[in-house]
1. In the stretch 261-289, how many residues are more than 24 Å from Val390 (Cα to Cα) and touching a helix residue (DSSP H, G or I) at 6+ places or on another chain (Cβ under 7 Å)?
2. Got at least one residue in the stretch 360-374 being hydrophobic (A, V, I, L, M, F, W, C) and farther than 18 Å from Gly406 by Cα?
3. Search the stretch 403-438 for residues being in contact with a helix residue (DSSP H, G or I) (Cβ under 7 Å, 6 or more places away or on another chain) and part of a loop (DSSP other than H, G, I, E, B), and hand back the single one that is nearest to Ala166 (Cα to Cα).
4. Among residues belonging to the stretch 14-58 that are touching a residue at least 60 places away in the same chain (Cβ under 8 Å) and of a type in the set (Lys, Arg), point out the one that is surrounded by the fewest Cβ atoms within 10 Å (Cβ to Cβ).
5. Among the residues in the stretch 133-144, are any touching a Pro at 6+ places or on another chain (Cβ under 7 Å) and either buried (at least 20 other Cβ atoms within 10 Å of the Cβ) or hydroxyl-bearing (Ser, Thr, Tyr) (or both)?
6. Cβ-Cβ below 6 Å, separation at least six or inter-chain, first residue in the stretch 253-274 and in contact (Cβ under 8 Å) with a residue 24 or more places away in the chain and farther than 14 Å from Ser304 by Cβ, second of a type outside the set (Phe, Trp, Tyr) and surrounded by 15 or more Cβ atoms within 10 Å (Cβ to Cβ): which pairs?
7. When residues of the stretch 187-225 are filtered for being over 30 Å from the mean Cα position of the chain (by Cα), hydroxyl-bearing (Ser, Thr, Tyr) and surrounded by 14 or more Cβ atoms within 10 Å (Cβ to Cβ), how many remain?
8. Please pick out the residue among Ala246, Ala321, Ala288 that is among the hydrophobic types (A, V, I, L, M, F, W, C) and modelled with pLDDT under 95.
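The values are calculated or read from the model by the stated rules, or taken from the named source; none is laboratory data. Small disclaimer: the values here were computed from a predicted structure and weren't measured. Methodologically, a virtual Cβ is constructed for each residue, glycine included, from the backbone with ideal geometry; neighbour enumeration extends over all protein chains shown.
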Amino acid sequence: MIPRPFTHDLPGTSSVSWHRRFRQTALPLLSDMSGFEQLERLVVVAAHPDDETLGAGLISADLAGQGWEVEVVILTRGENSHPGSPTTTAEERAAMRARESAIAARLLSPSIRLHPASFADGGLATEHDALVTTIVDIVGDGRRTLLLAPWRHDGHSDHEAAGWAAAAAAVRTGAILAEYPVWMWHWAEPEEFPYASARRWSTNATVREQKAAAIAAHRSQIAPLSSEPGDEVLLDGAFLEHFGGADEYFILDQPFDDALDRLHADDDDPWGLDDRWYEHRKAQLLLACLPRERYGRALEVGCSRGSLSTLLSRRAGRVLAVDASEHAVALARERVPSSVDVAHLRVPDEWPEDRFDLIVVSELGYFLSPVALERLWVTIAASLEPDGTVVLCHWRGEVRGWPLDGPQVHASAEKSGELPPVQARYRDDDVEILVMTREWIATDA
């Protein structure tokens, strides 16, 4: 669906039209989707104070009442709701809306926790990376988290930016993503709705009353600030009718994160593999830690532009280098020797069919979600030769925008029970290297 331009003060599609269509369409329940029974935490992302109430008030109140941990991330303060107001300043409107959101949350459930951010209202489209980091920091390990966010095609630039940031955060944290429309109900026609990927949340009259009271708490949006021009009501009764029914609707689109591909598109050597002493030193340390002089078939997971792949080719008969970035794969193919094959794979969901006696994971683990990292260990174990070697090499500093760091990646590997035992370990302030194999190959003295 391609959003159409709209303004809030012009008539839109009536709620009657939508309700009529939904009565004719049996949408499955969100709670019936695969994996829902394992969830116990809800994180709602809102672009502005009130989005979370309008789009996800029912489910928030319902799940909080069932004992779920419910948190709300409000990305802007909503200060530009009435930019031409003659009676209020932007700071006064921001304070007003913060109070309203706090009251609304308490009306839904006293246990709901708010996380207000301070991104500029109307400016989220230029803040993608910072938005993702904000959401990731709150979600953390998302394997038991349902992440709700404005739909990526809602037609409002802030809503769409919040949705794209949440989609990236879902990839990085492993949370299950569902998206709620807000302005789509106003500008779209019922036949345009993506029914095939939609789910509904239904609840009882008590919860519906809680949501109605929470919406009424956003008084600055549903009533005029004054009788002066520029203080007009923003969300009129016809628009609010879209959010007063027994159901809320969510869209299950595939999460998406292209951060690392954009990184390689913007810079041929984003990590400084050819220039930084850290990278040169790390590569030589890794090679020195290999217990064998020669390997038959090696796999490098996360090859970037192929610098380490080239070095590994001097210690292995064949090397398969894989990366999730198409740009990185293209760069690597131009640089590696003929004994190195390069493939575009998104691990662990995509994986080569070969078996390997050396598997190297260098500076990749913290770019996976915690649950994807655990799947990686299982996948590696299944393709490792019985006498094979696994080498993990990661930076030990803080990683911003992803929930894991190097020490956590290595702790996950050791705790997994899937990989061979650690036979050697190198660690300094910058880097740690683990060598995992079932039997150490003694060198000649």
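1. Initially, the stretch 261-289 is screened for residues more than 24 Å from Val390 (Cα to Cα), giving 261-270, 272, 274-277.
In the following step, the residues that additionally are touching a helix residue (DSSP H, G or I) at 6+ places or on another chain (Cβ under 7 Å) were identified as 261, 264-265, 268, 270, 272, 274.
Residues in the stretch 261-289 being more than 24 Å from Val390 (Cα to Cα) and touching a helix residue (DSSP H, G or I) at 6+ places or on another chain (Cβ under 7 Å): 7 in total.
2. no
3. Keep residues of the stretch 403-438 that are in contact with a helix residue (DSSP H, G or I) (Cβ under 7 Å, 6 or more places away or on another chain), which gives 403-406, 409, 412-413, 416, 418-419, 422, 424, 426, 430-435.
From what's left, part of a loop (DSSP other than H, G, I, E, B): 403-405, 418-419, 430.
Details: Pro403: 14, Leu404: 17, Asp405: 20, Glu418: 31, Leu419: 32, Asp430: 31 Å.
The selected residue is Pro403.
4. So the residue we want is Arg20.
5. Taking the stretch 133-144 and keeping what is touching a Pro at 6+ places or on another chain (Cβ under 7 Å), we get 136, 140-141, 143.
Going one step further and asking which of them are either buried (at least 20 other Cβ atoms within 10 Å of the Cβ) or hydroxyl-bearing (Ser, Thr, Tyr) (or both), we end up with 136.
Yes, the stretch 133-144 has at least one match.
6. Pro255/Ala167; Pro255/Ala170; Pro255/Val171; Pro255/Leu177; Phe256/Ala167; Asp257/Ala168; Asp257/Val171
7. Qualifying residue count, the stretch 187-225: 1.
8. Values: Ala321 fails: modelled with pLDDT under 95; Ala288 fails: modelled with pLDDT under 95.
Exactly one of Ala246, Ala321, Ala288 is among the hydrophobic types (A, V, I, L, M, F, W, C) and modelled with pLDDT under 95, namely Ala246.
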